[in-house]
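*Asks:* Dumping the structure here so I can ask a few things about it.
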Amino acid sequence: MPRQGLNAERIVEEAVRLVEEKGEPTFSMAELAGRLRIQPSSLYNHIPSQQALLVEVGLQAIARMAEAEERAVEGRQGDEAVYALAEAYRRFAKEHNGLYSVVMNLQRLHSPALERETRRVAEPILKVLDSYGLKESERAHLQRALRSLAHGFVCHEEAGWFSHFPVDREASFRFAIRCIVNELHRMGRGESEDEAG
């Protein structure tokens, strides 16, 4: 018999907290059950499997990341919005590393629902890029470049690879985003790579 007051929503909520604290690779149903003060077998009265639960955690992670991006660009446009998006992406990855790791490893869960939802992370970026007069393929390339830049920067930061030079990391990050912004303006003017030299 299911424990009174316990439901799938409560289980997902606690699973999100556990992933936030300890990361997805060490996630276990036994630890989750311990936090909820129930037997591990009781979890399965509400959810079909650990994989299904992690899919729900992934959906929460995507929603929170997309919301962080949307808040960042509210009332902003153009270059200001690009900088704000990049900062929001980086901040989410650093402050919610456990959930961010789930987003980055969604392919392992083989979930069509998750694959459909991942577009939510790109949508605020694509919307901001609309104002630059780009072709559809150029928008796709540049949103990938922006996400890859922010992701790569965070990975190097977390690994300690930016400790070898006495240069401010924030200045480096803004410099990197400025490279994207410069490319946005160049492509928005309709210059090809050959024309730009």
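*Asks:* If the cut-off is 21 Å between C-alpha atoms, which lysines fall inside it for Lys135, apart from same-chain ones fewer than 8 positions away?
*Replies:* Lys127
*Asks:* Additional query: If you average the C-alpha positions of the range 34-56 and of the range 136-150 separately, how far apart do those two centres end up, in angstrom?
*Replies:* So the separation of the two Cα centres works out to 37 Å.
*Asks:* Taking the Cα atoms only, what angle lies between the long axis of helix 8-22 and the longest principal axis of the chain, rounded to 10 degrees?
*Replies:* That helix lies at roughly 60 degrees to the long axis.
*Asks:* Could you go through the range 49-56 in sequence order and give the Karplus-derived ³J(HN,Hα) for each residue, using 6.51 cos²θ - 1.76 cosθ + 1.60 with θ = phi - 60°, rounded to whole Hz, and x for Gly and Pro?
*Replies:* Karplus-based 3J(HN,Hα) across the range 49-56 equals 6, 5, 4, 4, 5, 5, 4, 5 Hz.
*Asks:* Let a ≥ b ≥ c be the square roots of the eigenvalues of the Cα gyration tensor of the range 101-197; is it rounded (a/c under 1.5), or, if not, prolate (a/b larger than b/c) or oblate? Before the final figure, lay out the partial values.
*Replies:* Numbers: a/c = 2.53, a/b = 1.05, b/c = 2.40.
It is oblate, given that a/c is not under 1.5 and a/b is not larger than b/c.
*Asks:* Roll a 1.4 Å probe over the protein chains and send me the accessible area per residue for the chain in Å². Intermediate results must be reported in sequence, preceding the final value.
*Replies:* Values: 11510 Å² over 197 residues.
Accessible area per residue, the chain: 58 Å².
*Asks:* Angle between the Cα long axis of helix 78-95 and the longest principal axis of the chain, 0 to 90 degrees, nearest 10?
*Replies:* 30 degrees
*Asks:* Identify which of the listed values of P(r) over Cα pairs in 5 Å bins from 0, in percent was calculated from the structure shown: (i) 1, 7, 14, 16, 15, 13, 11, 8, 6, 4, 2, 1, 1, 0, 0; (ii) 1, 6, 11, 14, 14, 13, 12, 10, 8, 6, 3, 1, 0, 0, 0; (iii) 1, 8, 16, 20, 19, 16, 11, 6, 3, 1, 0.
*Replies:* It is the one labelled (i).
*Asks:* Sticking with this structure for a sec: Can you list the lysines whose alpha carbon sits under 17 Å from that of Lys22, skipping same-chain ones fewer than 8 residues off?
*Replies:* Partners within reach: Lys94.
*Asks:* Also: Using alpha carbons only, how many degrees (0 to 90, rounded to 10) separate the axis of helix 119-129 from the longest principal axis of the chain?
*Replies:* In the chain, helix 119-129 runs at an angle near 20 degrees to the longest axis.
*Asks:* Divide by every residue of the chain the summed helix terms, -39500 (n - 2.57) for each DSSP H run of at least 4, and state the resulting mean residue ellipticity at 222 nm, rounded to the nearest 500 deg cm²/dmol.
*Replies:* That comes out to -23000 deg cm²/dmol.
*Asks:* What order, most packed first, do the peptides 163-172, 32-41, 148-157, 93-102 have when packing is the mean number of other Cβ atoms within 10 Å of each residue?
*Replies:* Ranking the peptides 163-172, 32-41, 148-157, 93-102 by packing returns 93-102, 148-157, 32-41, 163-172.
*Asks:* Testing the spin-label approximation: label points 7 Å from Cα along Cα→Cβ at Lys94 and Glu80. State their distance in nm.
*Replies:* Each label point is offset 7 Å from its Cα along the Cβ direction, giving 2.3 nm.
*Asks:* What ³J(HN,Hα) values, in whole Hz, does the Karplus curve 6.51 cos²θ - 1.76 cosθ + 1.60 give for the range 24-41 when θ = phi - 60°, with x put for Gly and Pro?
*Replies:* Each residue of the range 24-41 in turn: 6, x, 9, 4, 9, 5, 4, 5, 4, 4, x, 5, 8, 6, 9, 6, x, 5 Hz.
The values are calculated or read from the model by the stated rules, or taken from the named source; none is laboratory data. Please read these numbers as outputs of a predicted model, since none were measured by experiment. Glycine also receives a Cβ, built like all others from the backbone with ideal geometry; neighbour counts cover every protein chain displayed. To get the accessible areas, we keep the full protein, side chains included, count just its heavy atoms, and leave off ligands, DNA and RNA. Shrake-Rupley method; radii C 1.70, N 1.55, O 1.52, S 1.80 Å.
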